[in-house]
Amino acid sequence: MKTKKMILISLLVLGAMFLSACSGGTVVNNWYGLAADAERAYVSAGSFIYAVDLQNGSEIWRYPEKADSKVLFFANPVLTTDGQLLIGSAGAKDHKFISLDPATGKEKWAKVFTGAKGAWVAAPLVMNDMIYAPNTDGFLYVLDLSGNQSADPIEIGGALWSAPVSDGTLIYLSSLDHFLHIIDPVKGVVVSEIDLGGAIPSSPAVNNIGAYVGSFASSIEFIQSNGDHSVLTQTENRVWGSPILDGETLYYADLNGKVYSFDLASGTENWSVQPDGPVAAGLLIAGGQIYVASEADPTSELGTLVALDLDGKTVWSKEVGGKLYTTPVVSGDLILVAPHQAEVTLAAYDADGKQAWTFTPAK
(Lines give C-alpha, C1' and ligand atoms only; values in the text may rest on other atoms or scores of the structure.)
Protein backbone atom coordinates (compact mmCIF):
# COMPACT_ATOMS: atom_id res chain seq x y z
CA MET A 1 0.00 0.00 0.00
CA LYS A 2 2.80 2.41 0.84
CA THR A 3 4.42 1.91 -2.58
CA LYS A 4 1.13 2.67 -4.33
CA LYS A 5 0.68 5.74 -2.14
CA MET A 6 4.16 6.98 -3.07
CA ILE A 7 3.41 6.55 -6.76
CA LEU A 8 0.15 8.48 -6.38
CA ILE A 9 1.95 11.29 -4.57
CA SER A 10 4.56 11.35 -7.33
CA LEU A 11 1.94 11.63 -10.04
CA LEU A 12 0.10 14.42 -8.22
CA VAL A 13 3.29 16.44 -7.72
CA LEU A 14 4.50 15.88 -11.27
CA GLY A 15 1.03 16.66 -12.61
CA ALA A 16 1.08 20.00 -10.80
CA MET A 17 4.43 20.73 -12.44
CA PHE A 18 2.93 19.82 -15.82
CA LEU A 19 0.11 22.32 -15.38
CA SER A 20 2.53 25.05 -14.34
CA ALA A 21 4.78 24.44 -17.34
CA CYS A 22 1.89 24.14 -19.79
CA SER A 23 0.55 27.51 -18.66
CA GLY A 24 3.94 29.12 -19.22
CA GLY A 25 4.09 30.16 -15.56
CA THR A 26 6.81 29.81 -13.00
CA VAL A 27 7.92 26.24 -12.29
CA VAL A 28 8.33 26.74 -8.56
CA ASN A 29 8.48 23.11 -7.40
CA ASN A 30 10.87 21.59 -9.87
CA TRP A 31 13.90 19.45 -9.12
CA TYR A 32 17.50 20.60 -9.53
CA GLY A 33 19.55 20.64 -12.71
CA LEU A 34 23.00 19.04 -12.74
CA ALA A 35 26.07 18.91 -14.98
CA ALA A 36 29.80 18.37 -14.45
CA ASP A 37 33.17 18.60 -16.14
CA ALA A 38 36.51 17.26 -14.88
CA GLU A 39 36.90 19.95 -12.21
CA ARG A 40 33.48 21.23 -11.17
CA ALA A 41 29.88 20.22 -10.72
CA TYR A 42 27.20 22.73 -11.67
CA VAL A 43 23.88 22.69 -9.83
CA SER A 44 20.91 24.86 -10.81
CA ALA A 45 18.84 25.09 -7.63
CA GLY A 46 16.18 27.76 -7.75
CA SER A 47 17.58 31.22 -7.06
CA PHE A 48 21.17 30.24 -7.82
CA ILE A 49 23.48 28.22 -10.01
CA TYR A 50 26.37 26.81 -7.98
CA ALA A 51 29.79 25.64 -9.13
CA VAL A 52 31.17 23.02 -6.73
CA ASP A 53 34.76 21.76 -6.45
CA LEU A 54 34.79 18.03 -7.23
CA GLN A 55 37.81 17.49 -4.99
CA ASN A 56 36.15 18.49 -1.73
CA GLY A 57 32.58 19.67 -2.37
CA SER A 58 33.26 23.34 -1.62
CA GLU A 59 31.52 26.20 -3.39
CA ILE A 60 33.60 27.94 -6.08
CA TRP A 61 31.04 30.49 -7.24
CA ARG A 62 27.32 31.15 -7.41
CA TYR A 63 25.24 33.04 -9.96
CA PRO A 64 23.79 35.57 -9.40
CA GLU A 65 25.64 36.93 -6.41
CA LYS A 66 22.34 37.86 -4.74
CA ALA A 67 18.96 36.17 -5.08
CA ASP A 68 16.51 37.75 -7.52
CA SER A 69 12.86 36.80 -7.10
CA LYS A 70 12.30 37.14 -10.84
CA VAL A 71 14.92 34.50 -11.71
CA LEU A 72 14.75 30.73 -11.12
CA PHE A 73 17.04 28.02 -12.43
CA PHE A 74 16.04 24.36 -12.69
CA ALA A 75 17.23 23.16 -16.11
CA ASN A 76 20.33 21.02 -16.55
CA PRO A 77 23.20 23.39 -17.42
CA VAL A 78 24.98 22.53 -20.67
CA LEU A 79 28.75 22.82 -21.21
CA THR A 80 30.01 23.71 -24.67
CA THR A 81 33.33 22.84 -26.30
CA ASP A 82 34.23 26.53 -26.57
CA GLY A 83 34.02 27.06 -22.81
CA GLN A 84 30.48 28.16 -22.03
CA LEU A 85 27.86 27.07 -19.51
CA LEU A 86 24.37 27.56 -20.96
CA ILE A 87 21.12 27.76 -19.01
CA GLY A 88 17.81 29.62 -19.03
CA SER A 89 15.60 31.00 -16.26
CA ALA A 90 12.23 29.49 -15.32
CA GLY A 91 11.13 32.66 -13.54
CA ALA A 92 7.66 34.09 -14.09
CA LYS A 93 8.88 37.52 -15.17
CA ASP A 94 12.46 36.91 -16.27
CA HIS A 95 12.92 34.40 -19.10
CA LYS A 96 16.52 35.18 -19.87
CA PHE A 97 18.79 32.59 -21.47
CA ILE A 98 22.42 33.09 -20.49
CA SER A 99 26.00 31.96 -20.99
CA LEU A 100 28.37 31.79 -18.03
CA ASP A 101 32.11 31.23 -17.76
CA PRO A 102 32.39 27.80 -16.06
CA ALA A 103 35.52 28.87 -14.19
CA THR A 104 34.25 32.17 -12.78
CA GLY A 105 30.45 32.25 -13.10
CA LYS A 106 30.60 35.58 -14.96
CA GLU A 107 28.27 36.24 -17.91
CA LYS A 108 29.99 35.75 -21.27
CA TRP A 109 27.57 37.13 -23.83
CA ALA A 110 27.40 40.84 -24.57
CA LYS A 111 23.61 40.56 -24.30
CA VAL A 112 21.47 37.79 -22.80
CA PHE A 113 18.72 36.29 -24.95
CA THR A 114 15.24 37.38 -23.84
CA GLY A 115 13.13 36.46 -26.86
CA ALA A 116 11.17 33.57 -25.34
CA LYS A 117 7.73 33.96 -23.76
CA GLY A 118 7.83 30.99 -21.40
CA ALA A 119 10.07 29.31 -18.84
CA TRP A 120 13.31 27.50 -19.63
CA VAL A 121 12.88 24.03 -18.11
CA ALA A 122 14.73 21.96 -20.72
CA ALA A 123 18.44 21.94 -21.44
CA PRO A 124 19.50 23.08 -24.92
CA LEU A 125 21.24 21.03 -27.60
CA VAL A 126 24.51 22.39 -29.00
CA MET A 127 25.27 21.07 -32.49
CA ASN A 128 27.39 22.39 -35.35
CA ASP A 129 28.10 25.64 -33.48
CA MET A 130 24.39 26.29 -33.04
CA ILE A 131 22.21 26.25 -29.92
CA TYR A 132 18.75 24.67 -30.11
CA ALA A 133 16.86 25.74 -27.00
CA PRO A 134 13.30 24.47 -26.27
CA ASN A 135 10.97 26.63 -24.21
CA THR A 136 7.66 26.01 -22.46
CA ASP A 137 6.04 28.46 -24.91
CA GLY A 138 6.18 25.65 -27.50
CA PHE A 139 8.99 27.06 -29.64
CA LEU A 140 12.50 25.78 -30.34
CA TYR A 141 14.83 28.79 -30.44
CA VAL A 142 17.91 28.77 -32.66
CA LEU A 143 20.91 30.80 -31.47
CA ASP A 144 24.55 31.05 -32.41
CA LEU A 145 27.29 30.59 -29.81
CA SER A 146 27.30 34.34 -29.12
CA GLY A 147 23.65 34.27 -28.07
CA ASN A 148 22.26 35.90 -31.21
CA GLN A 149 19.08 34.52 -32.75
CA SER A 150 20.24 33.13 -36.09
CA ALA A 151 16.93 31.82 -37.47
CA ASP A 152 13.21 32.07 -36.82
CA PRO A 153 12.10 29.92 -33.88
CA ILE A 154 10.58 26.61 -34.88
CA GLU A 155 7.01 26.19 -33.66
CA ILE A 156 6.62 22.79 -32.00
CA GLY A 157 3.50 23.05 -29.83
CA GLY A 158 2.91 21.85 -26.30
CA ALA A 159 5.17 22.60 -23.35
CA LEU A 160 8.76 21.61 -24.08
CA TRP A 161 10.37 20.11 -21.00
CA SER A 162 13.08 17.88 -22.42
CA ALA A 163 16.38 18.47 -24.17
CA PRO A 164 16.53 17.90 -27.93
CA VAL A 165 18.80 15.05 -29.08
CA SER A 166 20.32 14.42 -32.47
CA ASP A 167 21.62 11.57 -34.61
CA GLY A 168 23.99 14.05 -36.26
CA THR A 169 21.52 14.95 -38.99
CA LEU A 170 18.02 15.19 -37.53
CA ILE A 171 16.84 16.55 -34.18
CA TYR A 172 14.35 14.61 -32.04
CA LEU A 173 12.30 16.66 -29.57
CA SER A 174 9.55 15.34 -27.30
CA SER A 175 6.66 17.38 -25.95
CA LEU A 176 4.05 17.20 -23.23
CA ASP A 177 1.42 17.31 -26.03
CA HIS A 178 2.01 13.53 -26.62
CA PHE A 179 4.06 14.10 -29.79
CA LEU A 180 7.63 13.33 -30.70
CA HIS A 181 8.81 15.87 -33.27
CA ILE A 182 11.53 15.17 -35.82
CA ILE A 183 13.21 18.34 -37.06
CA ASP A 184 15.46 19.08 -40.02
CA PRO A 185 17.79 21.74 -38.56
CA VAL A 186 19.14 22.80 -41.97
CA LYS A 187 15.68 23.65 -43.29
CA GLY A 188 14.39 24.72 -39.89
CA VAL A 189 11.19 22.70 -40.19
CA VAL A 190 9.41 19.83 -38.46
CA VAL A 191 9.44 16.88 -40.87
CA SER A 192 7.46 14.37 -38.77
CA GLU A 193 5.15 14.45 -35.76
CA ILE A 194 4.36 11.15 -34.04
CA ASP A 195 1.55 10.82 -31.48
CA LEU A 196 2.60 8.41 -28.73
CA GLY A 197 -0.67 8.59 -26.85
CA GLY A 198 0.81 10.01 -23.65
CA ALA A 199 2.87 12.93 -22.42
CA ILE A 200 6.62 12.65 -23.09
CA PRO A 201 8.48 14.52 -20.33
CA SER A 202 12.00 13.31 -21.16
CA SER A 203 14.37 13.02 -24.09
CA PRO A 204 14.54 9.92 -26.29
CA ALA A 205 17.63 7.75 -26.68
CA VAL A 206 18.96 7.99 -30.23
CA ASN A 207 21.21 5.90 -32.47
CA ASN A 208 21.87 5.93 -36.22
CA ILE A 209 18.58 4.25 -37.10
CA GLY A 210 16.10 6.12 -34.94
CA ALA A 211 14.90 7.00 -31.45
CA TYR A 212 13.66 5.05 -28.44
CA VAL A 213 11.03 6.95 -26.48
CA GLY A 214 9.25 6.35 -23.19
CA SER A 215 5.96 8.07 -22.37
CA PHE A 216 3.01 8.25 -20.02
CA ALA A 217 1.34 5.69 -22.30
CA SER A 218 3.38 3.11 -20.31
CA SER A 219 5.35 1.96 -23.31
CA ILE A 220 8.66 2.25 -25.11
CA GLU A 221 8.34 3.07 -28.81
CA PHE A 222 10.89 2.91 -31.59
CA ILE A 223 10.69 5.85 -34.00
CA GLN A 224 12.51 5.59 -37.32
CA SER A 225 14.00 8.70 -38.89
CA ASN A 226 11.25 8.68 -41.55
CA GLY A 227 8.56 8.83 -38.85
CA ASP A 228 7.52 5.16 -38.94
CA HIS A 229 7.05 3.86 -35.42
CA SER A 230 6.03 0.83 -33.41
CA VAL A 231 5.65 -0.15 -29.77
CA LEU A 232 8.81 -1.95 -28.71
CA THR A 233 7.56 -3.07 -25.30
CA GLN A 234 5.09 -2.22 -22.55
CA THR A 235 5.94 -1.14 -19.00
CA GLU A 236 3.98 -1.63 -15.80
CA ASN A 237 3.58 2.09 -15.22
CA ARG A 238 4.29 5.42 -16.88
CA VAL A 239 7.81 6.19 -18.07
CA TRP A 240 9.14 9.55 -16.93
CA GLY A 241 12.94 9.36 -17.28
CA SER A 242 14.86 9.01 -20.53
CA PRO A 243 15.81 5.53 -21.77
CA ILE A 244 19.54 4.93 -22.17
CA LEU A 245 21.40 2.88 -24.79
CA ASP A 246 24.44 0.70 -24.13
CA GLY A 247 25.34 -1.00 -27.39
CA GLU A 248 22.44 -3.27 -28.32
CA THR A 249 20.85 -2.99 -24.88
CA LEU A 250 18.22 -0.45 -23.88
CA TYR A 251 17.67 0.38 -20.20
CA TYR A 252 14.67 2.27 -18.80
CA ALA A 253 12.54 2.58 -15.65
CA ASP A 254 8.93 3.36 -14.76
CA LEU A 255 7.01 5.06 -11.96
CA ASN A 256 6.49 1.72 -10.22
CA GLY A 257 10.23 1.75 -9.63
CA LYS A 258 10.85 -1.16 -11.99
CA VAL A 259 14.08 -1.08 -14.01
CA TYR A 260 14.20 -2.93 -17.33
CA SER A 261 16.91 -4.27 -19.65
CA PHE A 262 15.83 -4.89 -23.26
CA ASP A 263 17.83 -6.62 -25.99
CA LEU A 264 17.34 -4.74 -29.25
CA ALA A 265 18.81 -7.46 -31.47
CA SER A 266 16.33 -10.12 -30.38
CA GLY A 267 13.47 -7.80 -29.40
CA THR A 268 13.10 -9.44 -26.00
CA GLU A 269 13.42 -8.34 -22.39
CA ASN A 270 16.62 -9.44 -20.64
CA TRP A 271 15.38 -8.77 -17.12
CA SER A 272 13.40 -6.44 -14.90
CA VAL A 273 13.91 -5.65 -11.22
CA GLN A 274 12.37 -3.31 -8.67
CA PRO A 275 15.16 -2.18 -6.34
CA ASP A 276 13.30 0.69 -4.67
CA GLY A 277 10.57 3.30 -5.06
CA PRO A 278 9.24 5.24 -8.09
CA VAL A 279 11.85 6.31 -10.66
CA ALA A 280 11.30 9.67 -12.35
CA ALA A 281 14.96 10.31 -13.18
CA GLY A 282 16.87 8.85 -16.09
CA LEU A 283 19.34 6.03 -15.51
CA LEU A 284 23.12 6.37 -15.60
CA ILE A 285 25.52 3.69 -16.85
CA ALA A 286 29.15 4.08 -15.80
CA GLY A 287 31.97 1.64 -15.08
CA GLY A 288 29.85 -1.44 -15.70
CA GLN A 289 27.15 -0.38 -13.25
CA ILE A 290 23.64 1.05 -13.65
CA TYR A 291 22.79 3.86 -11.24
CA VAL A 292 19.13 4.28 -10.31
CA ALA A 293 17.88 7.38 -8.50
CA SER A 294 14.54 6.53 -6.90
CA GLU A 295 12.20 9.22 -5.70
CA ALA A 296 11.95 7.73 -2.22
CA ASP A 297 12.40 4.36 -0.58
CA PRO A 298 8.90 3.02 0.20
CA THR A 299 9.88 2.13 3.77
CA SER A 300 11.82 5.27 4.73
CA GLU A 301 10.44 7.86 2.28
CA LEU A 302 14.00 9.00 1.56
CA GLY A 303 15.51 9.24 -1.90
CA THR A 304 17.80 6.32 -2.64
CA LEU A 305 20.71 5.83 -5.04
CA VAL A 306 21.04 2.20 -6.12
CA ALA A 307 23.87 0.62 -8.08
CA LEU A 308 22.96 -2.45 -10.17
CA ASP A 309 25.27 -4.68 -12.14
CA LEU A 310 24.48 -5.33 -15.81
CA ASP A 311 22.49 -8.42 -14.82
CA GLY A 312 20.15 -6.35 -12.66
CA LYS A 313 21.54 -7.46 -9.28
CA THR A 314 21.87 -4.83 -6.56
CA VAL A 315 25.52 -3.98 -5.81
CA TRP A 316 24.76 -1.35 -3.19
CA SER A 317 22.02 1.03 -2.07
CA LYS A 318 22.40 4.37 -0.26
CA GLU A 319 19.77 6.64 1.25
CA VAL A 320 20.59 10.16 0.08
CA GLY A 321 17.65 12.00 1.61
CA GLY A 322 14.94 14.15 0.08
CA LYS A 323 13.60 12.94 -3.26
CA LEU A 324 15.70 12.07 -6.29
CA TYR A 325 14.19 13.43 -9.50
CA THR A 326 17.46 14.45 -11.19
CA THR A 327 19.41 11.99 -13.33
CA PRO A 328 22.79 11.18 -11.70
CA VAL A 329 25.93 12.50 -13.40
CA VAL A 330 29.38 10.91 -13.56
CA SER A 331 32.68 12.79 -13.40
CA GLY A 332 35.86 10.77 -13.13
CA ASP A 333 35.43 8.34 -10.24
CA LEU A 334 32.46 10.18 -8.73
CA ILE A 335 28.72 9.66 -9.12
CA LEU A 336 26.85 12.90 -8.38
CA VAL A 337 23.25 13.19 -7.20
CA ALA A 338 21.20 16.31 -6.46
CA PRO A 339 18.34 15.49 -4.05
CA HIS A 340 15.26 17.71 -3.89
CA GLN A 341 13.92 18.93 -0.53
CA ALA A 342 16.92 17.47 1.32
CA GLU A 343 19.44 18.74 3.85
CA VAL A 344 22.12 18.66 1.16
CA THR A 345 22.02 20.06 -2.38
CA LEU A 346 24.62 17.73 -3.88
CA ALA A 347 26.23 14.45 -2.83
CA ALA A 348 29.15 12.55 -4.36
CA TYR A 349 29.72 8.79 -4.16
CA ASP A 350 32.41 6.49 -5.49
CA ALA A 351 31.72 3.29 -7.44
CA ASP A 352 31.64 1.28 -4.18
CA GLY A 353 28.93 3.49 -2.68
CA LYS A 354 31.21 5.38 -0.29
CA GLN A 355 30.16 8.99 0.13
CA ALA A 356 33.04 11.30 -0.82
CA TRP A 357 31.43 14.58 0.25
CA THR A 358 28.21 16.58 0.34
CA PHE A 359 27.51 20.19 -0.58
CA THR A 360 25.09 22.52 1.19
CA PRO A 361 25.17 26.19 0.16
CA ALA A 362 26.05 28.74 2.80
CA LYS A 363 23.29 31.20 3.62
Legend entry - Enumeration of residues in the range 224-269 that are free of Cβ contacts under 8 Å to residues at least 24 places away in the same chain and open to solvent by 50 Å² or more (accessible area, probe 1.4 Å): Gln224, Asp228, Ser230, Val231, Gln234, Glu236, Gly247, Glu248, Ala265, Ser266, Thr268
Inset, instruction - Please work out which one of (1) open to solvent by less than 30 Å² (accessible area, probe 1.4 Å); (2) of a type in the set (S, T, N, Q); (3) part of a loop (DSSP other than H, G, I, E, B) is the condition Thr104 fails and give its number. - result: (1)
Legend entry - Selection from the range 141-165 of residues that are surrounded by fewer than 18 Cβ atoms within 10 Å (Cβ to Cβ), farther than 17 Å from Ile87 by Cβ and among the small types (Gly, Ala, Ser): Ser150, Ala151, Gly157
Inset, instruction - Test each condition in (1) in contact (Cβ under 8 Å) with a residue 12 or more places away in the chain; (2) of a type outside the set (S, T, N, Q); (3) in a loop (DSSP other than H, G, I, E, B) for Lys66 and report the one that comes out false. - result: (1)
Inset, instruction - Just give me the residues in the range 226-245 being assigned to a loop (DSSP other than H, G, I, E, B) and under 12 Å from Gly198 (Cβ atoms), in sequence order. - result: Thr235, Asn237, Arg238, Val239, Trp240
Legend entry - Flag for Glu39 being of a type outside the set (Phe, Trp, Tyr), surrounded by fewer than 22 Cβ atoms within 10 Å (Cβ to Cβ) and in contact with an Asp or Glu (Cβ under 8 Å, 6 or more places away or on another chain): yes
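Please verify whether the range 85-97 includes one or more residues that are β-branched (Val, Ile, Thr), touching a residue at least 40 places away in the same chain (Cβ under 8 Å) and not in a strand (DSSP E or B). It would help to see each step written out before you state the result.
The initial filter retains those residues of the range 85-97 that are β-branched (Val, Ile, Thr), namely 87.
Checking which are touching a residue at least 40 places away in the same chain (Cβ under 8 Å) leaves us with 87.
Keeping just the survivors that are not in a strand (DSSP E or B) gives none.
No: zero hits.
Answer with yes or no whether Ile60 is open to solvent by less than 30 Å² (accessible area, probe 1.4 Å), assigned to a strand (DSSP E or B) and within 16 Å of Ala41 (Cβ to Cβ).
On the way: open to solvent by less than 30 Å² (accessible area, probe 1.4 Å): no; assigned to a strand (DSSP E or B): yes; within 16 Å of Ala41 (Cβ to Cβ): yes.
So Ile60 fails the test.
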Legend entry - Subset of the range 166-189 that is hydroxyl-bearing (Ser, Thr, Tyr) and under 17 Å from Ser202 (Cα atoms) - its residue that is surrounded by the most Cβ atoms within 10 Å (Cβ to Cβ): Ser174
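Suppose the filter is touching a strand residue (DSSP E or B) at 6+ places or on another chain (Cβ under 9 Å), without any contact (Cβ under 8 Å) to a residue 60 or more places away in the chain, open to solvent by less than 10 Å² (accessible area, probe 1.4 Å) and under 15 Å from Tyr141 (Cα atoms); does Ile200 pass it? Reasoning before the result, please.
Numbers: touching a strand residue (DSSP E or B) at 6+ places or on another chain (Cβ under 9 Å): yes; without any contact (Cβ under 8 Å) to a residue 60 or more places away in the chain: yes; open to solvent by less than 10 Å² (accessible area, probe 1.4 Å): yes; under 15 Å from Tyr141 (Cα atoms): no.
No, not satisfied.
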Legend entry - Output for the range 109-136, where each listed residue is surrounded by fewer than 19 Cβ atoms within 10 Å (Cβ to Cβ) and part of a loop (DSSP other than H, G, I, E, B): Trp109, Ala110, Lys111, Val112, Thr114, Gly115, Lys117, Asn128, Asp129
Inset, instruction - Tally the residues that are assigned to a loop (DSSP other than H, G, I, E, B) and open to solvent by 10 Å² or more (accessible area, probe 1.4 Å), restricting the search to the range 327-363. - result: 16
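Yes or no, residue by residue, for (1) modelled with pLDDT of 95 or more; (2) under 23 Å from Asp129 (Cβ atoms); (3) of a type in the set (Ser, Thr, Tyr):
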{"position": "Gly15", "(1), (2), (3)": "no, no, no"}
{"position": "Ser20", "(1), (2), (3)": "no, no, yes"}
{"position": "Ser23", "(1), (2), (3)": "no, no, yes"}
{"position": "Ile98", "(1), (2), (3)": "yes, yes, no"}
Inset, instruction - For Gly282, state whether it is under 20 Å from the mean Cα position of the chain (by Cα), under 21 Å from Trp240 (Cβ atoms), touching a residue at least 24 places away in the same chain (Cβ under 8 Å) and part of a loop (DSSP other than H, G, I, E, B). - result: yes
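With the range 179-225 as the region, which strands (runs of 3 or more DSSP E) entirely inside it contain at least 1 residues that are closer than 16 Å to Val279 by Cα and touching a Lys or Arg at 6+ places or on another chain (Cβ under 9 Å)? Outline the logic, then answer.
Working: elements: 179-184, 189-195, 205-207, 210-214, 219-224.
Correct list: 210-214.
The values are calculated or read from the model by the stated rules, or taken from the named source; none is laboratory data. Keep in mind that what you see is a predicted model, and the values were worked out from it rather than measured. Every residue, glycine as well, gets a Cβ built from its backbone with ideal geometry; the counts of neighbours run over all protein chains shown. Calculation scope for accessible area: heavy atoms of the full protein, side chains included, ligands and nucleic acids excluded. Shrake-Rupley method; radii C 1.70, N 1.55, O 1.52, S 1.80 Å.
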